[in-house]
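Here's the structure we're looking at; comments come further down.
The values are calculated or read from the model by the stated rules, or taken from the named source; none is laboratory data. Nothing here was measured: the structure is a model prediction, and the numbers come from that model. Glycine gets a Cβ as well: all are built from the backbone with ideal geometry, and neighbour counts include every protein chain shown. In case anyone asks, the SASA skips ligands and DNA or RNA and just uses the protein heavy atoms, side chains included. Shrake-Rupley method; radii C 1.70, N 1.55, O 1.52, S 1.80 Å.
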Amino acid sequence: MKYLPIVLFHLILGCSTLFAQESKSKKTNILIFLVDDLKPTLGVYGDKTAQSPNIDKLAAKGMLFTNAYCNQAVCGPSRINLLLGSRSTSTGLYKFGKEFRDDFPNAVTLPQYFKNAGYQVESMGKVFHIGHGTTDDEASWSIPHFKEKVIEYILPESTNRKLTREEAFFENTYLYFNDLPSNSKLPRGAAWEAPNVLDEAYADGRVARHAIDRLRELKKNPSHPFFMAVGFARPHLPFSVPKKYWDLYDPKNIPMPSYVDEPEGAPKIAIKRGGEIDQFNPIPTDQDIYTDTLTRKLIHGYYASMSYMDAQLGRVMEELERLKMLENTIIVLWGDHGWHLGDHGIWTKHTNFEQATHIPLLFVAPGLIKPGTSSTQLAETVDIYPTLAELVGLPRPTGPQPIDGTSLFPVLKNSKAQVRNHAYHSYPRGGYLGEAIRTQQYRMVRWTHMKDSSIKPIYELYDYQYDYDETKNLSAHYPEKVKELETILNQYPKAKLTPRN
Amino acid sequence: MKNTFFVKKQRKSILKLFLIVSISFLFNQVTFSQNWKPAGEKIKTRWAKNVTPDNVWQEYPRPQFERAEWINLNGLWEYSVLKTSQAQPKKFQGKILVPFCVESSLSGVMGEVKGDDRIWYKRQFEIPANWNQKNVILNFEAVDYAATIYVNGALVGFHKGAYDRFSFDITPYLNPKGSQELIVSVVDPSSAGVQPRGKQQMPQEGIWYTPVSGIWQTVWMEAVSKEAFLREVKMEPDINKKAISVIPMLSEPLRPEYKVKAVVSFKGNVVAQTVIPADVKSVIEISNPQLWSPDAPYLYDLNLTLINAKGEVIDTVASYFGMRKINLGEFNGYKYIFLNNQPLFQYGTLDQGWWPDGLYTPPSDEAMKYDIEITKKMGFNMIRKHVKIEPDRWYYHCDKMGLMVWQDMPSGMVVIPENGQIKASSRVQKVPRIGGTDLNQRSEDAAQFESELRRMIDIHYNSPSIVVWVPFNEGWGQYATRRIANMVKELDPTRLVNAASGWADYPCGDIYDIHSYSAKVLIPQTSSGRASVLGEYGGLGYPIDGHLWDSKMRNWGYGTYHSEKDLMNAYKSQFEQIVDIKNTKGLSAAVFTQTTDVEGEVNGLMTYDREVIKFPIEKMKEMHSVLFKK
């Protein structure tokens, strides 16, 4: 009640510095949930199958972005997009295997920016992508990162007690052992398991436990605001989650992909086959169409994993509420990219299509964001950094790395506000870089050859109002529309075409 | 004959001509031949011009169960198309050439039959004097869809089902001598009903073609002993045990004194001879069996003689069989289709069996054989007979020429009207391609579908060419998939079951089948515990002027090409992918869409009129030979 007059005062003025003002008496914290491979298959996004009560509850406290897109649909680069606030097209960091500080040694990351502003900055679980040759960024955190596993099994038959391919990648085993056989010589682990175990048998349960422990610690020093990044691994493969989460779903009711062909007229480079998913047992290698049984099992596993993660997120939220920290904590939920659940015959991510790039994004800021609202504003991952800064009254970050995002603050204040009419994302494939402009109705992708500028670009155009499933590349039918969207793309600095690897 | 006679005479003198024309005019009242001609101006095949009311479909219609004494009733009949509410007509509207359906050109009618129409047929016939001591069986090879039969004004029987043979013993209805009257009335809901009807649709467009109504295969009579006769025979070859099992079934339950003499011969030489009981399975050993395969389609003749208690021969039937085995085996770690205990890639065409002049009915036996011959010559070893069941002679030719057959059950599904109207955009009753849940079929419709499915299996059980049953295609009318797949397997454990070709897949049957019409041929999963196949691919459209069914309609393929070279390049590119998937991904079979253009779907190896072969035969054969190299 103490703050009510202030809140009213600021609402009347429409002042943007509510939290900054408030933080003088009671500090505003930031809690950001980074969820690996989470697409908007959530109740609050209208998914009728999904059982995501905790995320739904969280969304009811704040604003949901229904048109949010990642800047690149793969974990490592996408997390760099978030944490640097830079698009891959600005940094050239399209791939794994190299630290971003090799190119941007003095970069000020999102958490680092808050650390510099006096926040206690902590991270746990999957935040920066650790693995595939990259490690954590120690400069970002106040205390060492709490690392947990991404690839994890309990059942011996899931691995035959051998080091599996994906585990070797995610544990950076190659950085420490020179004499390992090449990754393709290592055995594949299971794509899913469903043992009857407690939640903390797996990493996300332990990450939630750690977050709860840390929140209790941080509560002891209320004048010191914190920035906490909690990274959950599921629904990333393998779908290793306790059986009870599988049992939430009747396999008969699992939604199956409605369109499984390539879009008519799509260029080959737009299509992804195999990769990642076939690094797991019993996924067939180099085969395009899986039986309905396998398709259903994989989608079931994805939903079960999402629900498991949702439960862990709920545990953290309940503790936050119990500690009465809800009222002065800004909460963000972010999925690093979407996921193909067999649509176009594609699995996992790594494309410029809707299913790989559309992400869940929501902000909760008590007193500022009207609870239970949503916005159709086209948002990008890189927008989060400047948005969070503005939310707590910090100046817009200046890098030195490129700060590409637009603050969504005006939208958070007024869900009808619009700050940009498109989103820009990219993905490299087959020697080409595909850059996409997504508007409310269309997506145009321009594939530019990265080495040979004499090769003509290839275009895709999809109309989401009439063809949400992307069944037809319309670029040849509507060249004017392609041109119009390309004009938007051309307003951006030329994308760095040589991937640094 | 009368026709020819008149024509010759006409040349002789004008006077005679005048006289004869007058006579012939009078004759017209009783002789129909003069006023039949193919209807309409659509393209036709070369065989159409040789069709006459006298020579139409004269071949024996049941080659795997042949009896000597028979009379063919094909030819010009009277017909009327009335509303279902109308009574039997006294005067008929015109003449129709049986066995061509009302909608076809060769029927001479080319009419339309709607759901509330009834076709009436009438003809006179006579029973030869030497059949007096016999019973007369009237056989209909196929009538689409529900037929009611009257002989001399009496109701003989009723039958539903567009594709299966039905027979009635008409002896009690016959006049002691002289002319006999046969009347057939037929209703056909076509695509407005849920009965199996394959690709017949009103209106026709895209992959759906002109409906077929009424009699569309041979109508005939045969004479059998009043005492008893052989009703059917069920045969199962066993190449491992070098034997054929035979169950001769009789028209009547008889005392065990009745015996069946079975004589097996190969190339005219008797290789086994035995006397076996009726209605019981007997095993006849075939030493050193010559196996049936596409490369060497050896057939054994089987002669069955029914001998009564007095030792008299009362029936004789000629049949044949092939010694072959089809099953799933393990090959290179994959589940694979085996023929005669060896892996053999099956490369086939999607064959719709549609004709511009006869629709469901080929203009002649020779024409029907031609499609199979061209397929064989191009180096295919299999034909997927697509949602149609052919006349028995079609299977006979495949048995003889050595083509393996995947036999689809004709789909049964309603075209769902939009705002009460059937439009081109209307959707058929089907389930989604991926994760489709079965339709809920009304029990009567299901009973009818399953009865017709069973008839298909039973009637063709002995044909060596048929190796796979396909109960459902692309989700059309698909229901109770697992139960139907299991039912088919139990009805016929000697063949493979491809439960749902290209669509709504369930873990049942022997084959996992996907359809891929993209330039990049999709690779089916091979670890499903079943053999993996591409049940359809290709669909390369190449419209050729002068050979189009309707040049004004959308002449369509899954991709359209405008030169032989582009077409061949597209084919080559997809074929090379097939070879690669076969060699490296355990693919068991592939089916190219399709044998011929059909109406507006112009993706055939040949044009609809069979005049232009779009792919060079020799080149195709050579290309395809890599699939079969050991």
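Matching residues to (1) within 12 Å of chain A (Cβ to nearest Cβ); (2) surrounded by fewer than 18 Cβ atoms within 10 Å (Cβ to Cβ); (3) of a type in the set (A, V, I, L, M); (4) closer than 22 Å to residue B:581 by Cα:
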{"residue": "B:515", "(1), (2), (3), (4)": "yes, no, no, yes"}
{"residue": "B:521", "(1), (2), (3), (4)": "yes, no, yes, yes"}
{"residue": "B:562", "(1), (2), (3), (4)": "no, yes, no, no"}
{"residue": "B:565", "(1), (2), (3), (4)": "no, yes, no, no"}
Within segment A:279-294, residues being in contact (Cβ under 8 Å) with a residue 40 or more places away in the chain and either within 14 Å of another protein chain (Cβ to nearest Cβ) or at positive phi (or both) number 7
For segment B:46-61, enumerate the residues that are touching a helix residue (DSSP H, G or I) at 6+ places or on another chain (Cβ under 9 Å), closer than 21 Å to residue B:392 by Cβ and part of a loop (DSSP other than H, G, I, E, B). B:57, B:58, B:59, B:60, B:61
In segment B:186-200, which residue that is modelled with pLDDT under 95 and open to solvent by 30 Å² or more (accessible area, probe 1.4 Å) is farthest from the chain's Cα centre (by Cα)? B:192
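Within segment B:225-250, which residues are β-branched (Val, Ile, Thr) and either at positive phi or crowded, with 23+ Cβ neighbours inside 10 Å (or both)? First the steps, then the outcome.
Taking segment B:225-250 and keeping what is β-branched (Val, Ile, Thr), we get B:233, B:239, B:244, B:246-247.
Correct list: B:244, B:246.
If the requirement is being away from every other protein chain (no Cβ under 14 Å) and in contact with a His (Cβ under 7 Å, 6 or more places away or on another chain), which of these qualifies: A:239, A:169, A:177, A:226? Break it down stepwise before answering.
Details: A:239 fails: in contact with a His (Cβ under 7 Å, 6 or more places away or on another chain); A:177 fails: in contact with a His (Cβ under 7 Å, 6 or more places away or on another chain); A:226 fails: in contact with a His (Cβ under 7 Å, 6 or more places away or on another chain).
Result of the check over A:239, A:169, A:177, A:226: A:169.
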Working carefully through the options B:203, B:256, find the one that is open to solvent by 10 Å² or more (accessible area, probe 1.4 Å), part of a loop (DSSP other than H, G, I, E, B) and assigned by TED's automatic domain parsing to the domain that holds residue B:119. B:203
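Restricting to segment A:85-94, what's the tally of residues that are within 16 Å of the chain's Cα centre (by Cα) and not in a helix (DSSP H, G or I)? Steps first, answer last, please.
We begin by selecting, within segment A:85-94, every residue within 16 Å of the chain's Cα centre (by Cα); these are A:85-88, A:94.
Now drop any that are not not in a helix (DSSP H, G or I), which leaves A:85-87, A:94.
Counting residues in segment A:85-94 that are within 16 Å of the chain's Cα centre (by Cα) and not in a helix (DSSP H, G or I) gives 4.
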Residue B:89 - would you say it is assigned by TED's automatic domain parsing to the domain that holds residue B:204, buried (at least 18 other Cβ atoms within 10 Å of the Cβ), touching a strand residue (DSSP E or B) at 6+ places or on another chain (Cβ under 7 Å) and over 23 Å from residue B:204 (Cβ atoms)? no
Residue that is part of a strand (DSSP E or B) and either in the same structural domain as residue B:60 (by TED's automatic domain parsing) or crowded, with 17+ Cβ neighbours inside 10 Å (or both), where the choices are B:335, B:369: B:335
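Of everything in segment B:271-294, what is acidic (Asp, Glu) and either crowded, with 17+ Cβ neighbours inside 10 Å or on the phi < 0 side of the Ramachandran plot (or both)? Give them in sequence order. Spell out how you get there, then give the answer.
So the first thing to find is which residues in segment B:271-294 are acidic (Asp, Glu), and the list is B:279, B:285.
Residue satisfying the conditions is B:285 alone.
Tally time: how many residues in segment A:234-273 are without any contact (Cβ under 8 Å) to a residue 24 or more places away in the chain and either open to solvent by less than 20 Å² (accessible area, probe 1.4 Å) or within 26 Å of residue A:425 (Cβ to Cβ) (or both)? Reasoning before the result, please.
Narrowing segment A:234-273 to residues without any contact (Cβ under 8 Å) to a residue 24 or more places away in the chain: A:247, A:250, A:252.
Next, only the ones that are either open to solvent by less than 20 Å² (accessible area, probe 1.4 Å) or within 26 Å of residue A:425 (Cβ to Cβ) (or both) stay: none.
Residues flagged as without any contact (Cβ under 8 Å) to a residue 24 or more places away in the chain and either open to solvent by less than 20 Å² (accessible area, probe 1.4 Å) or within 26 Å of residue A:425 (Cβ to Cβ) (or both) within segment A:234-273 amount to 0.
The rows are residues; the columns are (1) under 30 Å from residue B:607 (Cβ atoms); (2) out of contact with any Asp or Glu (no Cβ under 8 Å at 6 or more places or on another chain).
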| position | (1), (2) |
| --- | --- |
| B:373 | yes, yes |
| B:387 | yes, no |
| B:402 | yes, no |
| B:406 | yes, yes |
| B:429 | no, yes |
| B:451 | no, yes |
| B:474 | yes, yes |
Is one or more of the residues making up segment A:295-310 within 12 Å of chain B (Cβ to nearest Cβ) and under 22 Å from residue B:587 (Cβ atoms)? yes
The conditions are (1) open to solvent by 50 Å² or more (accessible area, probe 1.4 Å); (2) under 28 Å from the mean Cα position of the chain (by Cα), and residue B:268 fails exactly one of them. Which is it? (2)
Name the pairs whose Cβ atoms lie under 7 Å apart, with the first residue in segment A:404-422 and closer than 26 Å to residue A:481 by Cβ and surrounded by fewer than 21 Cβ atoms within 10 Å (Cβ to Cβ), the second of a type in the set (Asp, Glu) and at pLDDT 95 or above, and 6 or more positions between them or separate chains? A:406/A:383
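Kindly evaluate residue B:480 against the criterion of being of a type in the set (Gly, Ala, Ser), over 19 Å from the mean Cα position of the chain (by Cα) and under 29 Å from residue B:372 (Cβ atoms).
On the way: of a type in the set (Gly, Ala, Ser): yes; over 19 Å from the mean Cα position of the chain (by Cα): yes; under 29 Å from residue B:372 (Cβ atoms): no.
It is false that residue B:480 is of a type in the set (Gly, Ala, Ser), over 19 Å from the mean Cα position of the chain (by Cα) and under 29 Å from residue B:372 (Cβ atoms).
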Residue that is out of contact with any strand residue (DSSP E or B) (no Cβ under 8 Å at 6 or more places or on another chain) and open to solvent by less than 10 Å² (accessible area, probe 1.4 Å), where the choices are B:417, B:391, B:432, B:410: B:410
Can you name every residue in segment A:107-128 that is touching a residue at least 40 places away in the same chain (Cβ under 8 Å) and either in a loop (DSSP other than H, G, I, E, B) or at positive phi (or both)? A:107, A:108, A:117, A:118, A:119, A:125, A:126, A:127, A:128
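Rundown of residues vs (1) open to solvent by 30 Å² or more (accessible area, probe 1.4 Å); (2) touching a residue at least 12 places away in the same chain (Cβ under 8 Å); (3) in contact with an Asp or Glu (Cβ under 7 Å, 6 or more places away or on another chain), yes/no style:
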site	(1), (2), (3)
B:530	no, yes, yes
B:541	no, yes, no
B:548	no, yes, no
B:572	yes, yes, no
B:583	yes, no, no
B:591	no, yes, yes
B:604	no, no, yes
